Amino acid sequence: MNKEIKAIVFDAGGVLFETDWASVKKEMMKKYNFSVFLYSDYPKKIQNRFRGLTRGRISFRKVIRELSGFEEIDEIVNDYKKSFIKHQKINRELFGLIKRLKRRYNIFCLTNTNDIHFEANIENNLFKHFKKTYSSCKIKLKKPDKRAFQIIFRENKIPKKETIFIDDKKENLAAAKKLGIKTILFRNNKQLIKDFKKFGVKA
């Protein structure tokens, strides 16, 4: 018999929203004539210089400064944030569900992200319905590291067996499952609601 669920932890990108990265790149290239896409547009040698970006070991601002060659990058950062937000497709149906869920459950977000993306999402009020959001660049740990999950349980004193973790990446779910956390692989909203019912979650 399933224990009563007390907490639900959501991933962000790929669950709460999708980003049209091609459009972001097109806008930034058109205005600034350089790519901010470190992992897809630059060789390994350059990528390795900026290791630890999503774990907060280096700021995305430093990456932009070095890739662009500009010392003053405030305008570039602001334009990038605007483009990132503009080309986000927010999962509004899911947010409607989250608003109902938070009346009954502790709702958290655990996301692997860099500092600028995190700031942009805060400015876009993406996390306003969550009790707390744990960003890899702030906690200095990223999924699937088990310590990233453990921070949530340590701070909030919620049993792992009474928690559901939702992500679109199987490797992150596998790490959570090893800790005794219940998991759901996110494919779409309809499937998520169906899986919630299996765990007795009421919206």
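Rule-based calculations on the coordinates, nothing more; no lab input. As the structure is a prediction and not an experimental result, all values here were calculated from the model. Here the Cβ is made from the backbone with ideal geometry for all residues, glycine too, and neighbour counts use every protein chain on show.
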Which one, Ile152, His117, Phe95, is farthest towards the positive end of the dipole of the chain when Lys and Arg carry +1 and Asp and Glu -1 on their Cβ?
Ile152
If you plug each phi of segment 103-115 into the Karplus form 6.51 cos²θ - 1.76 cosθ + 1.60 with θ = phi - 60°, what whole-Hz ³J(HN,Hα) values come out, in order, with x for Gly and Pro?
6, 10, 10, 7, 10, 10, 10, 10, 10, 8, 7, 9, 4
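Between Glu93 and Lys161, how high is the FRET efficiency from 1/(1 + (r/R0)^6) when r is the Cβ-Cβ distance and R₀ = 35 Å? Nearest 0.05. Kindly include the intermediate steps, with their values, before the conclusion.
Values: r = 28 Å, r/R0 = 0.81.
E(calc), rounded to 0.05, equals 0.75.
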Selection of trypsin sites (Lys or Arg not before Pro), segment 31-74, meeting DSSP coil and at most 16 other Cβ within 10 Å
Arg51, Arg57
Approximate spin-label separation Arg57-Glu72, in nm, with each point projected 7 Å along Cα-to-Cβ:
3.3 nm
How do the peptides 8-16, 191-199 rank, highest first, by the average count of neighbouring beta carbon atoms within 10 Å per residue?
8-16, 191-199
Between Lys44 and Lys128, what FRET efficiency comes out of the Förster formula 1/(1 + (r/R0)^6) with R0 = 35 Å and r the beta carbon distance, rounded to 0.05?
0.35
Given Tyr32, Ser59, Gly69, which one lies farthest toward the positive end of the charge dipole of segment 21-86, if we put +1 on the Cβ of every Lys and Arg and -1 on the Cβ of every Asp and Glu?
Ser59
Please list 3J(HN,Hα) in residue order for segment 65-71, calculated via the Karplus relation 6.51 cos²θ - 1.76 cosθ + 1.60 where θ = phi - 60°; whole Hz, with x for glycine and proline.
4, 6, 6, 7, x, 9, 7
Take Phe199 and Asn33, extend 7 Å from each Cα along the Cα→Cβ direction, and tell me the distance between the two endpoints in nm.
5.1 nm
So, by mean Cβ neighbours within 10 angstrom, what's the order for 106-119, 145-158, 79-92 with the highest one leading?
106-119, 79-92, 145-158
Suppose each label sits 7 Å from its Cα in the direction of the beta carbon; what would the Arg154-Lys26 distance come out to in nanometres?
4.5 nm
Point-charge dipole on Cβ atoms (K/R +1, D/E -1) for the chain, about Cα centre, debye to 20:
1200 debye
In vacuum, with every alpha carbon of segment 21-86 counted as one equal point scatterer, what does the Debye formula give for log10 I(q)/I(0) at q = 0.15 Å⁻¹? Two decimals, please.
-0.46
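Anything over 25 Å Cα to Cα? Flag those among Lys169/Lys197; Lys31/Lys82; Lys26/Lys81; Lys25/Lys62; Lys81/Lys102, in the order listed.
Values: Lys169/Lys197 21 Å; Lys31/Lys82 13 Å; Lys26/Lys81 14 Å; Lys25/Lys62 18 Å; Lys81/Lys102 28 Å.
Violating the 25 Å limit, Cα to Cα: Lys81/Lys102.
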Could you give me the ³J(HN,Hα) list for segment 177-190, computed from phi with Karplus coefficients 6.51, -1.76, 1.60 and θ = phi - 60°, whole Hz, x at Gly and Pro?
4, 4, 8, x, 7, 6, 9, 9, 7, 7, 10, 6, 5, 4
